[in-house]
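Take a look at the structure below.
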Amino acid sequence: MIDDLDLGFDEPERGEKGRHRRGFVERRNGRSGGRGKTIFALLMALVLLGGIGGGAFYGFDRVQNYFVTPDYDGSGTGEAMVEVKQGALIADIGDALVAADVVKSTKAFIEAAEANALSKNIQPGLYKVRKQMSAEKALAMLLDRKNKVTNQVTIPEGRTAKDTYKLLSEKTKIPVKEFEVAAKDPEALGVPDWWFVRKDGKKVTKSIEGFLYPDTYEVAPKATAEGLLKDMVDNFLSVTGEMKFAEQVQEKRGGISPYEALIVASMAQAEAGNADDLGKIARVAYNRAYTGKFPCSCLEFDVSVNYYWQLTGKKTKASKDMTTADIRDPKNPYSTHAHPGLTPTPINNPGKQALQGAMDPPEGGWLFFVAIDKQGHSAFASTNAEHERNIEKAKQNGVL
């Protein structure tokens with residue numbers, strides 16, 4: 001019986017959950033797997049069918065489709081757009097190509113990818129290709145950067161959520177209001193509920209602020225506000241996961257929650273004039289808010305005052321233009337002069353260096369800092385007398 005005969009056909013090996021991972025190449029004895037065996041198996045099937053009798057040839061097409069991988073010939077015609085999503089496996093890409101009638105079968109694309117070690121270099125994004133191409137030609141088009149449709153938006157480090165919505169809206173023409181509506185439920189956008197935990201006794205305010213990771217993003221033609229924000233949250237979770245941010249904070253920061261450390265990272269991001277100082281400013285924030293060595297345990301960072309003004313549609317001011325009434329307004333929940341400890345939420349979306357600085361700041365008893373040169377470097381002090389000397393240095397350098 002045919003069922004009991006080993007025809008030498010090898011199914012391609014599969015990765016996790018039965019899907020081929022992008023760029024996976026299987027080699028046997030220095031050669032790519034199974035086309036010769038496939039042809040041999042087909043010939044054997046023909047012989048067997050011939051032996052059974054002419055009437056059995058009604059099943060030839062079915063046998064051929066099983067042993068021969070369906071594939072188009074040539075370079076194709078017309079035009080098609082195909083999106084390769086972040087984290088897509090080779091089989092996922094093949095499925096997308098089949099859905100757009102670019103290749104005839106996912107299996108053909110998998111085999112073409114297995115035979116080409118460069119297949120691992122396929123990048124996420126939108127590609128302009130042709131319809132009804134051979135899988136080999138389709139793979140070549142995905143590997144050619146000239147076929148990638150570039151529509152990117154870059155979100156700089158330290159931008160607030162409101163500023164981020166404006167940048168995204170300018171690039172996508174999606175109204176800012178749609179981003180604001182999508183952002184109302186950060187957990188629906190993928191932020192795990194365990195992030196919204198505080199150990200400093202303050203009420204948790206759930207906000208998307210802090211979770212919109214600054215980076216360059218590909219914008220798909222039919223992108224939605226919700227989808228774009230989800231991508232940014234997913235990126236944040238990937239970066240902090242690789243850093244082991246939450247684990248390290250809970251292990252090393254003496255009972256401070258990851259959310260509190262994220263707030264500190266955003267403060268440092270806003271205050272630092274130079275990336276070299278991010279960790280030291282985070283240390284100052286921890287020393288002021290948690291050690292009891294600073295009056296009222298208040299941070300006294302002017303940047304948080306401006307954040308609330310932006311949040312409520314008021315005009316922001318430079319620190320030198322702020323009055324005592326401005327910075328000590330008890331009705332401003334983000335006034336770190338009027339209220340002890342950290343702010344209700346992060347005040348922007350910090351980058352990786354700021355996150356690293358808040359996760360693992362350098363040791364030091366600093367309680368003060370001031371910018372002392374035009375490159376944005378700060379001088380740090382543990383006492384008020386030392387701080388006053390640094391202020392004089394800043395004045396001499398024309399910074400203050």
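Out of the residues in the range 212-233 meeting the condition of being in contact (Cβ under 8 Å) with a residue 40 or more places away in the chain and open to solvent by 60 Å² or more (accessible area, probe 1.4 Å), tell me which one is farthest from the chain's Cα centre (by Cα). Checked the range 212-233; the qualifying residue farthest from the chain's Cα centre (by Cα) is 221. Given the conditions (1) without any contact (Cβ under 8 Å) to a residue 12 or more places away in the chain; (2) closer than 22 Å to residue 217 by Cβ, and given that residue 187 satisfies all but one, which numbered condition is not satisfied? Among (1) without any contact (Cβ under 8 Å) to a residue 12 or more places away in the chain; (2) closer than 22 Å to residue 217 by Cβ, the lone unmet condition for residue 187 is (1). State whether one or more residues within the range 108-123 are among the hydroxyl-bearing types (Ser, Thr, Tyr) and free of Cβ contacts under 8 Å to residues at least 24 places away in the same chain. Checked against the condition, which is being among the hydroxyl-bearing types (Ser, Thr, Tyr) and free of Cβ contacts under 8 Å to residues at least 24 places away in the same chain, the range 108-123 yields no hits at all.
Per this entry, residue 200 is counted among residues that are assigned to a loop (DSSP other than H, G, I, E, B), farther than 15 Å from residue 348 by Cβ and at pLDDT 95 or above. Within the range 340-363, does at least one residue satisfy the condition of being at positive phi and of a type in the set (Ser, Thr, Tyr)? Scanning the range 340-363, I find no residue that is at positive phi and of a type in the set (Ser, Thr, Tyr), so the answer is no.
One residue stands out among those in the range 301-327 that are over 32 Å from the mean Cα position of the chain (by Cα) and under 20 Å from residue 284 (Cα atoms): the one that is modelled with the highest pLDDT, which is 327. The set of residues from the range 329-340 being within 15 Å of residue 297 (Cα to Cα) and open to solvent by less than 30 Å² (accessible area, probe 1.4 Å) comprises 334, 335, 336, 337. When 282, 265 are checked against the criterion of being in a helix (DSSP H, G or I), within 18 Å of residue 365 (Cβ to Cβ), among the hydrophobic types (A, V, I, L, M, F, W, C) and open to solvent by less than 20 Å² (accessible area, probe 1.4 Å), 282 stands alone in meeting it.
Determine whether the range 254-261 contains at least one residue that is closer than 16 Å to residue 357 by Cα, of a type in the set (S, T, N, Q) and surrounded by 19 or more Cβ atoms within 10 Å (Cβ to Cβ). Looking through the range 254-261, at least one residue is closer than 16 Å to residue 357 by Cα, of a type in the set (S, T, N, Q) and surrounded by 19 or more Cβ atoms within 10 Å (Cβ to Cβ). Here residue 162 meets each of (1) under 21 Å from residue 235 (Cβ atoms); (2) outside any helix (DSSP H, G or I) with one exception, condition (2).
Within the range 125-153, being of a type in the set (S, T, N, Q), surrounded by fewer than 19 Cβ atoms within 10 Å (Cβ to Cβ) and either assigned to a helix (DSSP H, G or I) or modelled with pLDDT of 95 or more (or both) holds for 132, 147. You will find that of 301, 294, 245, 236, the residue that is under 13 Å from residue 358 (Cβ atoms), buried (at least 17 other Cβ atoms within 10 Å of the Cβ) and of a type in the set (Phe, Trp, Tyr) is 245 and no other.
For the range 192-211, what are the residues that are crowded, with 20+ Cβ neighbours inside 10 Å and out of contact with any Leu (no Cβ under 7 Å at 6 or more places or on another chain)? Residues satisfying the conditions are 195, 209, 211. Per this entry, residue 363 is counted among residues that are in contact (Cβ under 8 Å) with a residue 60 or more places away in the chain and open to solvent by 60 Å² or more (accessible area, probe 1.4 Å). Right, residue 247: more than 16 Å from the chain's Cα centre (by Cα), acidic (Asp, Glu) and assigned to a helix (DSSP H, G or I) or not? Yes: the conditions hold for residue 247. Any residue at all in the range 315-328 that's touching a Leu at 6+ places or on another chain (Cβ under 7 Å) and either under 21 Å from residue 253 (Cβ atoms) or open to solvent by 20 Å² or more (accessible area, probe 1.4 Å) (or both)? There is no residue in the range 315-328 that is touching a Leu at 6+ places or on another chain (Cβ under 7 Å) and either under 21 Å from residue 253 (Cβ atoms) or open to solvent by 20 Å² or more (accessible area, probe 1.4 Å) (or both).
Of the residues making up the range 82-119, just one is crowded, with 22+ Cβ neighbours inside 10 Å and among the acidic types (Asp, Glu), namely 111.
The values are calculated or read from the model by the stated rules, or taken from the named source; none is laboratory data. Note that the structure is a prediction, hence the values are computed from the model and not measured. When we count neighbours, we look across all protein chains shown, and the Cβ atoms used for this are built from the backbone with ideal geometry, even at glycine. Surface accessibility is based on the protein's heavy atoms, side chains included, excluding ligands, DNA and RNA. Shrake-Rupley method; radii C 1.70, N 1.55, O 1.52, S 1.80 Å.
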